[in-house]
Amino acid sequence: MSTAAYPPIIDGHNDTLLRLHRSRGQAGVQFHVRSAAGHLDLSRMQEGGLAGGFFAMYVPDQPGRVSGLGQEVEHPYALDYALHLFALLRDLDRTLDQEFRMVGDPVQLQTALEEKVRFAIPHIEDAVPIDADLDLLPLFHDLGLRSLGLVHSRPNVFGCGVPFAFPSGPDTGPGLSPQGRALVRACNELGILVDLSHLNEQGFWNVAGLTDAPLVATHSCAHALCPASRNLTDKQLDAMRESNGVVGINFHVGFLREDGRSDVLTSCTEIVRHATYMVERMGIAHVALGSDFDGAVMPTDLPSAAQLPHLLDEFRKAGFSDSELECIAYLNWVRVLKETWK
């Protein structure tokens, strides 16, 4: 079926830039041609009706240091790595301008949707590239940064992320540091979305008490359905609803399944199951999609962005109306971005 029969999709999270950066110089990894690698490229965005999404710049663990979650990343390394990822995204914007571009304000977002140009919202996942004094934050904003995850699943100067654990709740450590609180306020002033995914529960409530913007988790699931530390409790979901926020449902099977297993033999109906629960808990205006393409294990019937129409079909089979599907597919992201960006 033609993608014209489906609403456009805005996706809350992908790690495609990291995949491309790691693969530069190898054949078949260019973003503008269809590839067998990973989950997402321009061709598969077009085929699957993926209008655009949050393109993450994530700094992995440092070579030569003890690997694994919980290991802090040094700032000079993080800054250099993030700038390389930003340069890669800006190069894609420059070379594919008629087909793919960065967006950073409501007008650019709406224009890209109307013109059917695929787009990227620049996002830093884990604020380690930002210095503790926040001098670099306005510079990153000038480069195009419009969304920032305070932490990954490791500590930094701003706060603590949840370790990947199952079964576990998200209450795994202390809240935001003074620098973390200052970072939230600075993001509010600049109109940078603050992403609560990966943040522990104490940090979550710190942000909720500080921010004047909607609470957003770009790629998280419901803890009541899958008790992984990365998922959001009912109390957290209620707070996001009350703030007029949004949760982008993560497609990683280990955050979807009741047993927490990262089993590829899992159906995308698990995504619909989490969406149904969240809609019943929060309302249709607060649920969206946040795939984690190129950074997670996808369901067997959703191996790449090209199969997104199949996911929308499953929503329809579950009884979601066309207007409800439009909200989940893209309108909720449009609303929260317009309310957050300045």
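The values are calculated or read from the model by the stated rules, or taken from the named source; none is laboratory data. Just so it is clear, the model here is predicted, and its values are computed rather than measured. Counting neighbours? That spans all protein chains shown, and the Cβs are built from the backbone with ideal geometry, glycine included. SASA here: full protein model, heavy atoms, side chains in, ligands and nucleic acids out. Shrake-Rupley method; radii C 1.70, N 1.55, O 1.52, S 1.80 Å.
Before moving on, here are some points about what is shown:
- Over 14 Å [Cα-Cα, the range 163-217], rounded percent: 52 percent
- Full extension of the chain between L83 and D135 yields a length gain of 17.2 nm, computed as 0.36 nm times the residue separation minus the alpha carbon distance.
- Computed over protein heavy atoms with a 1.4 Å probe, the carbon and sulfur contribution to the accessible area of the chain reaches 51%.
- Of all the options P227, P60, P129, the one that moves most in a Gaussian network model of the chain with Cα springs shorter than 10 angstrom is P60.
- Taking packing as the residue-averaged number of other Cβ atoms within 10 angstrom, the listed peptides 307-315, 192-200, 171-179, 82-90 run from highest to lowest as 192-200, 307-315, 82-90, 171-179.
- Per-residue ellipticity at 222 nm from helix content only, as computed over the chain with -39500 (n - 2.57) for each DSSP H run of at least four residues, stands at -11000 deg cm²/dmol.
- Amide H contacts of M102 (H built 1.01 Å from N, under 5 Å, at least 5 apart or other chain): A120
- Positive dipole terminus of the chain, leading residue within V103, V151, L20 (C-beta point charges): L20
- From the coordinates of this entry, Kirkwood radius over Cα pairs in Å is computed, and it appears in (1) 19.7; (2) 20.4; (3) 22.9 under the label (1).
- Dipole magnitude (debye, nearest 20) for the range 210-342, charges at Cβ of Lys, Arg, Asp, Glu: 220 debye
- Per residue, in Å², the accessible surface of the chain once ligands and nucleic acids are set aside, probe 1.4 Å: 37 Å²
- Given charges at beta-carbon only (K, R positive; D, E negative), |dipole| of the chain in Debye: 260 debye
- Mean Cβ neighbour count within 10 Å, used as a protection proxy, ranking 153-160, 316-323 highest first: 153-160, 316-323
- Size of electric dipole in the range 67-186: Cβ of Lys, Arg +1 and of Asp, Glu -1, about Cα centre, debye, nearest 20: 260 debye
- Residues in the range 96-104 carry Karplus couplings, in order, of 10, 4, 6, 10, 7, 8, 7, 10, x Hz; the curve used is 6.51 cos²θ - 1.76 cosθ + 1.60 with θ = phi - 60°, and Gly or Pro positions show x.
- Within a straight-line Cα-Cα reach of under 25 Å, K342 can be paired with the following lysines, leaving aside sequence neighbours fewer than 8 residues apart in one chain: K116.
- Choice from P122, P170, P138 showing the highest fluctuation, given a GNM over the chain with Cα pairs closer than 10 Å: P138
- Cα centroid separation - the range 165-197 against the range 246-317, whole Å: 24 Å
- Each other residue within a Cβ distance under 13 Å of L265 adds +1 if Lys or Arg and -1 if Asp or Glu, for a net charge of -2.
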